[in-house]
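Note sheet for the following structure.
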Amino acid sequence: MSQDGNREDAGSQGEDKAGRIVAWLREKQAEDILGLDVREINSCTEAMIVVSARNVRHAQALADWVLSKLSQTGMELLGIEGYHPGYWILLDANEVVLHIFQVEYREFYNLDGLWREAPRLKEHRGQETEAKGQGAEDSEE
């Protein structure tokens, strides 16, 4: 019973943080943004965001921008991996984990497919289907 209550409180915090991060990513033209609610299938985080970057410099610029915004807003950052070489940059913001990929690495590691059972974050439902046109996002409630 308390587990459900805690999940709800934490989930809304994670969704709020994820929404802010997505907005920041859009400001810097991140591509194929996918926001996932992973609370029910992952005990380490509540939301996961997967985006594509056009090249290494774009990926690093996206990471720098999100890091700057997290710092400005006082949001927690637990760690960052892969900044150099920039093919797959991971930012762990506690409730939200952000993956910034070069397109070919995103396709190879296929996190979109690995986490396909996770529901889309509310503000993302339908948006990534327009960009990707894949059947996995076509599920309706």
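The values are calculated or read from the model by the stated rules, or taken from the named source; none is laboratory data. Just so we're clear, the structure is a prediction, and the values are computed from it rather than from any experiment. Because the Cβ atoms are built from the backbone with ideal geometry, glycine has one as well, and the counts that use them run over all protein chains shown.
Criterion applied to E117, E76, E123 was being part of a loop (DSSP other than H, G, I, E, B), farther than 18 Å from A59 by Cα, modelled with pLDDT under 95 and in contact with a helix residue (DSSP H, G or I) (Cβ under 8 Å, 6 or more places away or on another chain), and the one residue passing it is E76.
Do you know which residues across the stretch 19-74 are of a type in the set (D, E, K, R), under 23 Å from F108 (Cα atoms) and within 14 Å of the chain's Cα centre (by Cα)? Hits for the stretch 19-74 are E31, D32, D37. For the stretch 27-71, the tally of residues that are closer than 20 Å to Q102 by Cβ and part of a loop (DSSP other than H, G, I, E, B) stands at 5.
Of the listed requirements (1) over 19 Å from W88 (Cβ atoms); (2) crowded, with 16+ Cβ neighbours inside 10 Å; (3) hydroxyl-bearing (S, T, Y), T45 misses just one: (1). Please find, within the stretch 50-107, the residue that is surrounded by the fewest Cβ atoms within 10 Å (Cβ to Cβ) out of those that are of a type in the set (V, I, T) and more than 24 Å from Q13 (Cβ to Cβ). Selected residue: V103.
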